[in-house]
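The values are calculated or read from the model by the stated rules, or taken from the named source; none is laboratory data. Since this is a predicted model, take the numbers as computed values, not measurements. Neighbour counts run over all protein chains shown; Cβ positions are idealised from the backbone, glycine included.
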Amino acid sequence: MFELLDNLALGFSVAFNPVNLLFCLIGALVGTLVGVLPGIGTVATVAMLLPITFGLSPVGALIMLAGIYYGAQYGGSTTSVLVNIPGEATSVVTCLDGHQMARQGRAGAALAIAAIASFFAGCVSTLLVAALGKPLTGLALLFGPAEYFALMVLGLIFAVVLARGSVGKAIAMILLGLMLSMVGADLETGVNRMTFGVLELSDGIGFANVAMGVFGFAEIIRNLSLSSEGREVLNAKVSGLMPTRKDLLTSAPAIGRGTLIGSLLGILPGGGAVIASFAAYTFEKRISKNPSRFGRGAIEGVAAPESANNAAAQTSFIPLLTLGIPPNAVMALMVGAMTIHGIVPGPQVMTKQPDLFWGMIASMWLGNLMLVIINLPLVGIWVSLLRVPYRLLFPSIIVFCCIGIYSINNSTTDVLMSAAFGVFGYWLSKHEFEPAPLVLAFVLGPLMEENLRRAMLIARGDVSVFFTRPISAGLIAVAAFLLVLAILPMIRKRRDEVFVE
Amino acid sequence: MAGWGRLAVRVRNPQNFYGGLALVGLAAIALIATAELAGIEDARFGAGTAPRIFAGLLALVGAGIALAGLLIDGPRIERFAFRGPAFVIAAILAFAMLVRPLGLLIATYVTFMVAIMGSNEMRWIESLIAAAAMTAFCIGLFVYLLKLPFQLFPAF
């Protein structure tokens with residue numbers, strides 16, 4: 001316990017460093033910005049800003065990128081409540097009751113509850129990350145190559161189970177991601193694989209290119225082909241930011257449950273903020289004594305998903321920081337950011353770079369505090385940003401992405417490659433393939449190959465090693481069980497229902 | 001489908017059928033490209049082992065999806081838009097081609113202008129001003145604030 005306090009003290013000393021404080025603020029601001037603006041996702045933004053973090057210290061870079069992720073969870077709710085368009089995929093369900101509350105003249109209360117819920121969830125999950133860091137890192141030391149491989153299989157299966165739409169298509173995206181990650185020189189033998197004689201490909205396909213293409217450019221292309229429906233910002237003045245006593249009392253249990261669900265789904269590989277918010281809303285509706293209130297301005301319908309998405313955004317750092325395995329696409333980008341700075345994510349981060357580990361955790365709490373201030377009193381500024389039309393927004397994003405990608409390696413090939421992935425991403429969306437599992441698998445691919453190789457070498461080519469070592473066998477069993485659950489059509493139908501609601 | 005008439009086979013879910021087929025195609029390309037690479041030897045993975053495993057599985061799953069597309073009804077493929085994507089891609093290509101020879105300033109301005117033509121609500125004066133503002137912002141951020149090594153102006 002005292003050790004935890006010591007560590008947190010170290011963390012706060014790092015986080016309170018003026019430069020890091022500044023990066024935390026920038027991250028929170030940028031996060032709120034992309035959260036508020038519909039049409040720019042978190043993944044694309046983090047990808048866009050990767051090159052910017054080049055010149056920063058590793059701690060500053062990671063603090064800023066983390067701030068973007070959880071900051072977007074705050075900002076997303078503003079647009080959901082006031083415009084009835086989700087600013088962020090994680091705030092889709094917040095529209096349902098949040099916007100109804102706004103129409104009833106209770107926009108202020110909805111925004112305040114969303115911020116309070118997010119802040120509470122942020123505090124709890126920060127503590128959770130701090131508390132779980134040590135034991136999980138200990139667990140990681142028990143892991144051999146076979147266990148790591150099994151864990152990654154489990155993570156990918158989770159991503160399949162939790163993805164929307166068809167299970168088969170999600171599996172296909174995983175396999176495609178793994179296959180694409182094999183392009184380039186083989187790390188062990190140095191032989192070029194699938195490079196088709198292109199020199200630039202022997203370094204592999206850059207992760208930023210893939211992410212920027214399928215998330216950034218493809219999203220813009222998709223948005224442009226939609227008809228431009230006018231965004232109607234609710235013009236009624238946002239007044240009465242303070243929720244009433246009754247509001248607080250009704251939403252308190254929902255915030256608690258949302259935090260719990262979000263924290264759990266954030267830790268699970270393949271989970272993340274989007275799924276957490278859906279799950280929390282569905283759960284709240286199901287246990288409510290009067291479910292018909294939902295969709296008509298029930299305050300729990302704002303409190304639960306907003307606490308869940310923020311909790312999940314933060315707990316998803318746990319598997320990354322302790323096991324070195326990114327549980328979702330944003331964390332996969334964080335791996336990229338860490339690699340740029342020469343940090344190998346995994347259990348050794350905590351022991352070798354305690355200032356980085358604890359500094360990041362402490363900054364999460366500070367960031368949450370900043371976000372409450374950024375979001376509540378300043379909400380008017382963000383609302384006015386919503387009046388910037390998309391026709392001016394998207395060329396700016398494109399320009400920004402181009403410069404960003406180019407600056408990573410000063411390579412025009414990278415820019416061309418991301419354009420190609422943009423077209424590919426558009427094609428994927430037309431055939432209802434989800435890009436998120438692809439990107440996750442793309443990051444995990446080289447790690448999986450390495451661990452599979454080592455496991456097989458140690459076991460002298462005996463595949464049964466994955467089933468005879470207890471931890472590995474357990475992980476594989478869970479993965480197999482989940483897959484069966486997902487494929488059973490009955491359960492799949494129920495799963496689809498969750499997303500329809 | 002007219003061409004398939006006699007076989008009485010109909011593509012019931014074009015999204016899955018063509019999507020699955022394309023994945024099989026990609027997997028086939030990968031399998032051909034890795035055919036020459038070393039395989040397993042004494043329990044030691046060769047360079048080609050893992051790619052071939054993944055590509056092989058992808059071919060199987062892709063074929064499964066395509067088959068399901070023949071048997072189970074599903075939505076049509078939405079029409080691909082042309083104007084928006086074309087200008088977005090043209091803008092990115094313009095950036096890639098211009099940034100080396102003409103420098104960041106011109107490349108950024110041109111990229112913005114090409115991209116904005118993809119919108120059917122484009123207005124000239126507003127766009128020209130916005131492009132200038134964005135160019136100034138990017139140069140300020142990347143060149144002066146972050147000090148990334150960009151060439152600003154054309155090299156003569």
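Among residues of region A:153-189 being closer than 15 Å to A:Asn451 by Cβ and of a type in the set (Gly, Ala, Ser), the one that is nearest to the chain's Cα centre (by Cα) is A:Gly155. Within region A:274-290, the set of residues being among the polar types (S, T, N, Q), under 22 Å from the mean Cα position of the chain (by Cα) and either at pLDDT below 85 or surrounded by fewer than 24 Cβ atoms within 10 Å (Cβ to Cβ) (or both) comprises just one member, A:Thr282.
Return yes when B:Arg79 is facing another protein chain (nearest Cβ under 7 Å) and either farther than 24 Å from A:Met194 by Cα or in contact with a Leu (Cβ under 6 Å, 6 or more places away or on another chain) (or both) and no when it is not.
On the way: facing another protein chain (nearest Cβ under 7 Å): no; either farther than 24 Å from A:Met194 by Cα or in contact with a Leu (Cβ under 6 Å, 6 or more places away or on another chain) (or both): yes.
The answer is no for B:Arg79.
Take region A:78-112 and flag every residue that is among the aliphatic types (A, V, I, L, M) and either within 17 Å of A:Leu371 (Cβ to Cβ) or under 24 Å from the mean Cα position of the chain (by Cα) (or both). First the steps, then the outcome.
Of region A:78-112, the ones among the aliphatic types (A, V, I, L, M) are A:81-83, A:85, A:89, A:92-93, A:96, A:101-102, A:107, A:109-112.
Within region A:78-112, A:Val81, A:Leu82, A:Val83, A:Ile85, A:Ala89, A:Val92, A:Val93, A:Leu96, A:Ala110, A:Leu111, A:Ala112 meet the criteria.
Listed by first and then second residue, the pairs linking a residue in region A:445-463 that is at the interface with chain B (Cβ under 9 Å from one of its Cβ atoms) and closer than 19 Å to A:Leu175 by Cβ to a residue that is among the acidic types (Asp, Glu) and in a helix (DSSP H, G or I), with Cβ atoms under 7 Å apart and 6 or more places separating them unless they lie on different chains, form an empty list. Candidates are the residues of region A:224-238 that are modelled with pLDDT under 80 and at the interface with chain B (Cβ under 10 Å from one of its Cβ atoms); the one that is surrounded by the most Cβ atoms within 10 Å (Cβ to Cβ) is A:Ser225.
Taking the options A:Met173, A:Met182, name whichever one is in contact with a Lys or Arg (Cβ under 9 Å, 6 or more places away or on another chain), within 14 Å of chain B (Cβ to nearest Cβ), buried (at least 24 other Cβ atoms within 10 Å of the Cβ) and more than 30 Å from A:Leu82 (Cβ to Cβ). Sole residue among the options that is in contact with a Lys or Arg (Cβ under 9 Å, 6 or more places away or on another chain), within 14 Å of chain B (Cβ to nearest Cβ), buried (at least 24 other Cβ atoms within 10 Å of the Cβ) and more than 30 Å from A:Leu82 (Cβ to Cβ): A:Met182.
Within region A:159-167, the presence of a residue that is within 10 Å of another protein chain (Cβ to nearest Cβ), in a loop (DSSP other than H, G, I, E, B), at pLDDT 85 or above and crowded, with 19+ Cβ neighbours inside 10 Å is excluded. The residues of region A:192-216 that are at pLDDT 85 or above and more than 20 Å from A:Ala441 (Cα to Cα), listed by number, are A:Asn192, A:Phe196.
Evaluation of A:Leu127 against the conditions (1) closer than 30 Å to A:Phe421 by Cβ; (2) free of Cβ contacts under 8 Å to residues at least 60 places away in the same chain shows that the sole unmet condition is (1). The single condition among (1) assigned to a helix (DSSP H, G or I); (2) surrounded by fewer than 19 Cβ atoms within 10 Å (Cβ to Cβ) that B:Ala66 does not meet is (2).
When each of B:Ala96, B:Ala130, B:Ala107, B:Ala90 is tested for being facing chain A (nearest Cβ under 7 Å) and within 25 Å of the chain's Cα centre (by Cα), the lone residue that passes is B:Ala96.
Checking every residue in region B:84-96 against the condition of being over 30 Å from A:Ile398 (Cα atoms) and part of a helix (DSSP H, G or I) gives zero matches. Of all residues in region A:406-428, those being under 26 Å from A:Ile275 (Cβ atoms), in contact (Cβ under 8 Å) with a residue 60 or more places away in the chain and at the interface with chain B (Cβ under 9 Å from one of its Cβ atoms) number 3.
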